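Beneath this line is the structure, given in structure tokens, with notes to follow.
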Amino acid sequence: QVQLVESGGGLVQAGGSLRLSCATSGLTSSTYNMGWFRQAPGKERESVAAVTKNGDVTCYADSVKGRFTISRDNAKDKVYLQMNSLKPEDTAVYYCAAANSYFGTSTYLYNYWGQGTQVTVSS
């Protein structure tokens, strides 16, 4: 049974930082590209960042470039999202997802999803 479990969300003031973690089980994480997505109330789920299977290539949404960093540790079956200089508009539920052949920003092409972790940024 494949599971992706996010953690590290919470309430933070604008300008602060959070580090999200995604623990995977039931799959060989090194064979999956991974992504972070977010969904704010009343909005569609959007891509935040993605990383290839071995971590050599990453991509980011324009809104988070220079502030967020995606990384992975395949030995620990974990993916991380370091979020700095947080803004109120970053408030959302953050999800990690795994794709066995796709790398990119489409929400439709990821195979497995976590349940999400809430990030709230106060002004």
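The string of couplings for segment 112-123 from the Karplus curve (6.51, -1.76, 1.60, θ = phi - 60°) is 9, 9, x, 8, x, 9, 7, 10, 10, 10, 8, 8 Hz, one whole number per residue in order, with x for Gly and Pro. Couplings 3J(HN,Hα) of segment 99-111, computed from phi: 10, 7, 9, 9, 10, x, 10, 6, 6, 7, 10, 9, 8 Hz, in residue order, whole Hz [Karplus 6.51 cos²θ - 1.76 cosθ + 1.60, θ = phi - 60°; x for Gly and Pro]. Computed from point charges on the beta carbon alone (+1 for Lys and Arg, -1 for Asp and Glu), the dipole magnitude for the chain about its Cα centre is near 120 Debye.
Which distance in Å, rounded to a whole number, links the C-alpha centroids of segment 1-41 and segment 51-78? If we compute the Cα centre of each part, the gap is 11 Å.
Note on segment 1-108: dipole from Cβ charges, positive end direction compared against VAL12, GLY26, ASN100; the farthest Cα belongs to VAL12. Counting lysine pairs in segment 42-122 whose alpha carbons fall under 28 angstrom apart, excluding pairs fewer than 8 residues apart on the same chain, gives 10. Taking other residues whose beta carbon is less than 13 angstrom from the beta carbon of ALA14, and scoring Lys, Arg as +1 and Asp, Glu as -1, yields 0. Relative contact order for the chain: 36 percent, from Cα pairs under 8 Å spaced at least 6 residues apart, divided by residue count. Split the chain at each of the trypsin sites (Lys or Arg not before Pro) in a DSSP loop with at most 14 other beta carbon atoms within 10 Å, and the longest piece is 66-123. With pairing defined as another cysteine C-beta under 4.7 Å, the cysteines of the chain that fail it are CYS59. Determine the share of the chain's accessible area contributed by carbon and sulfur atoms, expressed in whole percent, with a 1.4 angstrom probe. Solvent-exposed carbon and sulfur of the chain make up 45 percent of the total.
The values are calculated or read from the model by the stated rules, or taken from the named source; none is laboratory data. No experiment lies behind these values; they were computed from the predicted model shown. Positions of Cβ are backbone-derived with ideal geometry, glycine not excepted, and every protein chain shown enters the neighbour counts. Side chains are part of the model used for accessible areas, which takes the heavy atoms of the whole protein and leaves out ligands, DNA and RNA. Shrake-Rupley method; radii C 1.70, N 1.55, O 1.52, S 1.80 Å.
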